[in-house]
Amino acid sequence: MRSLLFGACSAAALCAGMPAHAQIGDVIITGYLEEELPQELARYGARVETVTAEEILNGGYVDAASALQNQVPGLYIAPLSGPFDYVDASYQGSRVTELLWLVDGVRMNNRLYSTTPPTDTIPAHMIERIEVIEAGQALFYGTTAVAGAINIVTKEFSDTPDGAISLGAGSFGERHINGYFRDSIGPHQFVIYGSSDQADGFRPFRKADYQPSATDRERGYDAVSLGIKYGVNIGEDARFSVSYQHTDTTNDYIRPFLIAEGHNDRDEEVLSAKLDWTVSDQIQLFIKGYYHDWDTAFTEVDNVIGSPGTLDVVSDGDFWGFEDYGLNALAKYAPGGGFEFYAGYDYQTYSGEDQVFLIAPQNESVHAPFAQIRTTDDLIPNVVLSAGVRHNIPSDAESSTVWNVSGRWDITPNLFARATGGTAFRLPDAYELYVVDPCCEQGNPNLDPERSYNINGSVGGTVPMGSVTLTWEAVGYLRNIEDMIEIVFDPDLGVDTFANSGPTVKVRGGELIVGAEFDNVFSANLSYSFNSSETEGTNVQRPDVPESMFKAILDYHPMDLPFGASVTVNHIGDVYRSALGIQQYGDYTVVDVGARVFIDPERRHRIGVKVQNLFDEEYATRVRVGETDGGADYVYRFRGMPQSFYLNYTYQFGM
């Protein structure tokens, strides 16, 4: 990794005399290939939902998962027990394993367990925006981007001084402090941000689910994040930038039985260095090296049934974690004549081990060249098309090739149609391949990757109505998955293991998304999503995938008055899980309300108030099987966040 970063730095030094014309705005950076990629994908037919820093602030969200849970149509996010916890996730009928997570373009997915997204360590305060790209995005982003990719963009560079500091508290012992500052000095730019988020927590299980042996009954967290970015413009057409982020968290991990103490202590480092270079009016490129280190020490201490005061140390800071580093490069050639060409290379290498579930140290790597051709309006007015291919060469699996085609047609200034289709794949994670747990599950090193193809299409537009602007979009999608990896019982081993299933898994669904802006004072965004995600021939919805969702966001934001308010409604339809029979644990509606008051004419001082789960809805976010103190199996449920109150103060400067 040091060699990769040194190479990027050396390349930047060699480019010091290059001419330039990349443009940097006050906050949103334009003219750089990686930063603009989601917007470019949207221009060529992919749907991209963007959650802004302002929406996050107005919503009073403290972590990335909470913001995504309410703000993105078609995306199901169910935190186990409130902020900074594991989540179940489903996008347009997907499983949690089919979503790729990135921070500033750096892959964040857990290399050991594809079922644990990284949202438990990402605070909301450091976010500039979140870009959610629907459908298979394997062409540019690679393995795991089967149903979509979620890119969390941290605070960006600014030409002028800009910053904020915020303090907050909540009804479950929540304490939050965060801030950032950014500025430029000549060709040099920098961003510094940090946050501390703590909570005593609430009881994450129903009263009836707790066994007497569970004495640790509140799930809390303690998360500290620090980040710094530095960028320098080299001449007029090149920029070298470095980004570093450190996260240190202690997240309680408890069950409703036996537990006297249980927590994960995490130490995470993300480092990247990148050179952006506009070679000429026709050629643009970037090269980036990155390093991601994720270390966790797991502690579990159980009470011994029948021996009050006696403790059993099951795990004492046992290590599980991984290292992930690599190199990304992308070049764009725009010769004119109605065509543009992209070519890139992606190299990833990673290693990991788990002393808790007994995954021995493993090393893997992937090489992947890819290319895409695009048309422009010069070829066909109001129509753009793209087609691309990627060849993946993993070290521990057979090579595979994926492709993608997409397009958009602006039928009139107020009506458009777009579509995307292609193939994707998901490599088995380390747990599925190598785990050795004699009591429960064993890995299968002979697993094949999951393969899929997808088609997404939509029509939409705008309806101007005087002072009201109405937007709408109707979306349809389908996805077929072959060789899905599932848990099966192996009679020879006498334990569960993993195997590629025979039947195809078919996902079919649609969304209706409507938005309205009333004279720049009041906005409403509504969405309804439905899907069928079934193994062929079963007519049974796949586990942990909701059949339907409804989301509504209403926001009042008059600029001539010193206050604003918002209401969010999140309804989740039926969700199922096999746990001592088929369990249904969806069908709930959560309403959040919030308000903000500006106490000075410049709107620099702001007080925010939020009530989460206004009507104190009782609902479950996950269903599992445990063991009573008497030795019998039983079903227990993780509770969703109960009614809670949150108050914060924010001072912004340099706006």
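Each of L470, G460, P445 was placed along the dipole of the stretch 434-490 (beta-carbon charges, centred on the mean Cα), and the one lying farthest toward the positive end is L470. With protein chains left intact and a 1.4 Å probe, residues in the chain average 39 Å² of accessible area per residue. Only the Cβ atoms of Lys and Arg (+1) and of Asp and Glu (-1) were treated as charged; on that basis the dipole of the stretch 250-345 about its Cα centre amounts to roughly 660 debye.
Mean residue ellipticity, 222 nm, helices only, the chain: the sum of -39500 (n - 2.57) across DSSP H runs of n ≥ 4, divided by residue count and rounded to 500, is -2000 deg cm²/dmol.
Taking GluC sites (Glu not before Pro) as exposed when their DSSP state is a loop state and no more than 13 other Cβ atoms lie within 10 Å, the longest site-free interval of the chain runs over 1-235.
For K506, neighbours were defined as the other residues whose beta-carbon sits under 13 Å from its Cβ, and their charges (Lys and Arg +1, Asp and Glu -1) total 0. Separation of the stretch 309-373 and the stretch 609-623 by C-alpha centroid, Å? When both Cα centres are located, 35 Å separates them. Relative contact order of the chain: 12 percent, from C-alpha pairs under 8 Å at least 6 residues apart in sequence. Quick one: putting +1 on the C-beta of Lys and Arg, -1 on the C-beta of Asp and Glu, what dipole do you get for the chain around its Cα centre, in Debye to the nearest 20? Once rounded to the nearest 20, the dipole reads 1480 debye. With a 1.4 Å probe and all protein chains left in place, how much of the accessible area of the stretch 123-237 comes from carbon and sulfur atoms, in whole percent? That share works out to 60 percent. Extending 7 Å from the Cα toward the beta-carbon at both T538 and V279 defines two label points whose distance is 5.0 nm. Ranking G220, A387, Q584 by how far each Cα lies toward the positive end of the dipole of the chain (charges on Cβ) leaves A387 at the top. For the stretch 264-420, carbon and sulfur atoms together expose 60% of the accessible surface, with a 1.4 angstrom probe and every protein chain in place.
Applying 0.36 nm per residue to the separation of D318 and I455 and subtracting their alpha-carbon distance, the gain on full extension is 45.0 nm. Between the stretch 398-447 and the stretch 222-263, the alpha-carbon centres lie 26 Å apart. Rolling a 1.4 Å probe over the protein heavy atoms of the stretch 482-553, with every protein chain left in place, gives an accessible area that is 56 percent carbon and sulfur. Simple point charges give the picture: +1 on the Cβ of Lys and Arg, -1 on the Cβ of Asp and Glu, and for the stretch 87-232 a dipole about the Cα centre of about 340 debye.
The values are calculated or read from the model by the stated rules, or taken from the named source; none is laboratory data. It should be emphasised that the depicted structure is a prediction, and the values quoted were computed from it without experimental measurement. Note that each Cβ is placed from the backbone with ideal geometry, even for glycine, and that neighbours are counted across all protein chains shown. Each accessible area value is taken on the protein alone, full model and side chains, heavy atoms only, with ligands, DNA and RNA left out. Shrake-Rupley method; radii C 1.70, N 1.55, O 1.52, S 1.80 Å.
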